[in-house]
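The values are calculated or read from the model by the stated rules, or taken from the named source; none is laboratory data. Note that this is a predicted model, so its numbers are computed, not measured. A quick note on method: Cβ atoms are made from the backbone with ideal geometry, for glycine too, and the neighbour counts reach across all protein chains shown. Note: accessible area is taken over every heavy atom of the protein model, side chains too, but ligands, DNA and RNA are not part of it. Shrake-Rupley method; radii C 1.70, N 1.55, O 1.52, S 1.80 Å.
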Amino acid sequence: MNSQSVSETTALPVVPPPRKRRVRLFALREDIPRPVYIFAGIGFIALVLIAWSIATYGGYISDLFLPTPGAVINEGIEQYRDGILVGDAKVSIYRIVVGWGIATLFAVPIGLLMGNFKFIEGLLEPFIDIVRYMPVVALVPLTILWAGIGDQQKFVILFIGTFFQEVLLIMDNVKTVPQDLIRVGYTLGMSRLEILRGIILPAALPGIWDTFRITLGWTWTYLVVAELVAARNGLGRRIMEAQRYLATEQIIFGILFIGLLGIVTDYFFKITGAYLFKWTKER
């Protein structure tokens with residue numbers, strides 16, 4: 001056998017280059033490239049701004065009903081220069097943090113108990129279901145009678161608007177913990193309290209953290225209701241005052257600014273949740 005035949009028999013097979021995977025934007029639960037994901041969100045917001053500009057600058061909609069983007073931006077600059085924006089934002093953020101914090105402080109232990117003990121679930125869920133369907137705006141006069149016109153009344157409104165939704169979501173988060181993990185705890189000789197604290201709570205914590213993110217967003221939506229009556233400052237109060245004088249640019253700016261603060265808190269929970277619960281990405 002000559003050298004040429006030996007080299008032919010020992011030559012490695014030619015491997016074709018890997019085919020480039022085609023991106024499918026509408027495949028069920030499949031990831032898409034991160035730049036495409038980001039560009040889609042930014043692009044949609046840009047389309048809304050373009051449509052808004054065409055409708056207002058083109059004279060298709062009166063300024064009385066929808067101001068131009070420039071008028072809204074100028075309103076924000078004026079409020080910032082006058083110190084109104086920063087002062088209102090500080091007051092509203094304080095009310096949001098305290099109101100949501102009190103609601104969460106009660107919702108976490110009660111949700112844990114409801115998610116693990118059927119008796120407590122049967123005891124509390126009917127009452128919670130009734131209250132969570134009550135219109136919060138209708139409770140404003142009662143909260144004034146109960147808590148006065150100070151910040152305590154605002155905390156009560158934010159608590160009512162958040163707690164009764166949050167406690168049921170936390171109950172559902174707890175119920176997603178596999179029963180096998182609880183049986184393992186009993187097998188290891190752990191008490192019920194140790195299982196709650198050492199197994200169920202850590203396993204449910206990623207879902208509970210996401211519930212925090214969602215419910216904090218709801219608390220922002222109740223801010224205007226909380227500052228509806230007898231409030232001397234705050235972002236919601238500024239919107240209500242602008243309504244009296246048909247200052248639509250002030251109304252639009254206030255709404256957009258509250259939305260901006262809300263999305264900041266939303267991404268705070270998203271980023272910190274991704275850092276704290278890295279192991280959930282592998283599930």
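Go ahead and collect, in residue order, the members of the stretch 150-168 whose backbone nitrogen is under 18 Å from a label point 7 Å along the Cα-Cβ direction of Val97. Residues passing the 18 Å test: 151-152, 154-156, 158-159. Build a GNM of the chain with springs between Cα atoms under 10 Å apart, and of Gly70, Gly259, Gly234 the one that fluctuates most is Gly70. Size descriptors for the stretch 46-185 (Cα atoms only): Rg and Dmax, in that order, 22.3, 69 Å.
Over the chain, the alpha carbon radius of gyration divided by the compact-protein estimate 2.2 N^0.38 Å works out to 1.44. Applying 0.36 nm per residue to the separation of Leu105 and Ile120 and subtracting their alpha-carbon distance, the gain on full extension is 3.6 nm. Given a 1.4 Å probe and the protein chains as shown, Val48 ends up with an accessible area of around 80 Å². Note on Thr176 and Leu25: the extension gain reaches 51.4 nm, defined as 0.36 nm multiplied by sequence separation minus the Cα-Cα distance. Among Phe155, Phe65, the sequence by solvent-accessible area, most first, with a 1.4 Å probe is Phe65, Phe155. Heavy-atom accessible surface of Lys154, to the nearest 10 Å², is about 0 Å², with a 1.4 Å probe and all protein chains retained.
Enumerate the aspartates and glutamates that Lys270 could reach by cross-link, defined here as Cα to Cα under 16 Å, with residues fewer than 8 away along the same chain left out. Straight-line reach from Lys270, under 16 Å: Asp210. Taking all protein chains together and a 1.4 Å probe, the residues Glu78, Glu227, Glu241, Glu121 rank Glu78, Glu241, Glu121, Glu227 from largest to smallest accessible area. Entry note, the chain: the mean residue ellipticity at 222 nm calculated from DSSP H runs of n ≥ 4, each adding -39500 (n - 2.57), is -23500 deg cm²/dmol after division by the residues and rounding to the nearest 500. Per the Cα gyration tensor, the stretch 118-233 maps to an equivalent ellipsoid with semi-axes of 36, 14, 12 Å, ordered largest to smallest. Note on the stretch 55-94: the alpha carbon radius of gyration divided by the globular reference 2.2 N^0.38 Å gives 1.51.
Remind me, what semi-axes does the stretch 140-197 give for its equivalent ellipsoid, largest first in whole Å, using sqrt of 5 times each Cα gyration tensor eigenvalue?
41, 12, 6
Pick from Ile38, Ile50, Ile195: which is most flexible by mean-square fluctuation in a GNM of the chain where alpha carbon atoms under 10 Å apart are linked? Largest GNM mean-square fluctuation: Ile38. Rolling a 1.4 Å probe over the protein heavy atoms gives the stretch 133-283 an accessible area of 56 Å² per residue.
Full extension of the chain between Lys90 and Asn74 gives 3.7 nm of extra length, using 0.36 nm per residue less the Cα-Cα distance. Solvent-free Debye calculation, one equal scatterer per alpha-carbon of the stretch 220-283: log10 I(q)/I(0) at 0.13, 0.16 Å⁻¹ equals -0.48, -0.60. Solvent-accessible surface of protein heavy atoms, probed at 1.4 angstrom with all chains present, puts Tyr245, Tyr222, Tyr94 in the order Tyr245, Tyr94, Tyr222, largest first. Residues of the stretch 93-118 falling in the label zone of Ala147, defined by backbone nitrogen less than 20 Å from a point 7 Å along Cα to beta-carbon, are 93-111.
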